[in-house]
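Heads up: the structure comes next, in structure tokens.
Values in this text are rule-based calculations from the coordinates and carry no lab data. If you're wondering where the values come from, they're calculated on a predicted model, not measured in any experiment. Every residue, glycine among them, receives a Cβ derived from its backbone with ideal geometry; neighbour counts consider all protein chains shown.
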Amino acid sequence: MFRRAFIENGDTSNIEVIISSDRISPQTQEPIVHTGAEQSSLKRELYAFAFQNMWCQAKSIYDKFPDMVRVPLNSSGDTALHVAVSANNTDFVKKLVKFEHLTPRDLEIPNAEANTAFCMAAITGGCEFLQIMIEKNDKLPLIPRNDDKMLPVHLATLTCYHEIVQDLTSENLVQRMQLKDIERLLFMAINCSMYGKTTIL
């Protein structure tokens, strides 16, 4: 039976994985520690699997190291979910979001550009991804980017993804938005000539 834990060394880009077994060597009484090289190798493999839509191969790693679902895989701070959304890999996204070790809070993790995977889906037109993620965490449409405080619907408006704007301005969502965010959306929609594309115009 394995136990797993993560130790963060200052920032999320340098995380060591510690794996201990109930059958620890009596000589050392120490857990097994993955070196930086081994950690980097796991990240490279997971990045490739997420990018190439290879869920079964990624799951074999997650089954051993479940905390890797939330670890940044590159210098841009992208988790496997960010990578799969960017690569438009629907099957991988569906299975990763439904994976038992990926928590609703994990969907809120931003990358180095302050984008959650949900924001990235709004920017790139991933309508199907949005619904998959909302089913696990319905707070996602109202979580802004850390830097400019734009909501996903603002990002979709800027990139002119009309269908996503419609989906993210349902009556239920608009009622939960702050007034300042609604006003911002109105001005952006007008500037982008998106009349009639939201429930508030």
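Below, the figures for the structure above:
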| quantity | calculated |
| --- | --- |
| Net lengthening on full extension, N191/R176 (0.36 nm per residue, minus Cα-Cα) | 3.1 nm |
| Cross-link pairs K64/K94; K95/K139; K59/K149; K136/K180; K43/K139; K59/K139 - those with Cα-Cα distance over 22 Å | K59/K149; K136/K180; K43/K139; K59/K139 |
| Karplus-derived 3J(HN,Hα), 6.51/-1.76/1.60, for each residue of segment 123-137, Hz, glycine and proline x | 6, 9, x, x, 4, 5, 5, 4, 5, 4, 6, 4, 4, 9, 8 |
| Segment E38-E113, length gained on full extension (0.36 nm per residue, minus Cα span) | 24.4 nm |
| Long-range amide H partners of A112 with built H, under 5 Å | G77, D78 |
| Gained length - H162 relative to E135, 0.36 nm times residue gap less alpha-carbon distance | 7.6 nm |
| Dipole of segment 100-155, positive end: most advanced residue of F118, L155, F129 [Cβ charges, Cα centre] | L155 |
| For peptides 85-92, 98-105, 136-143, 150-157, sequence by mean Cβ density within 10 Å, most packed first | 150-157, 85-92, 136-143, 98-105 |
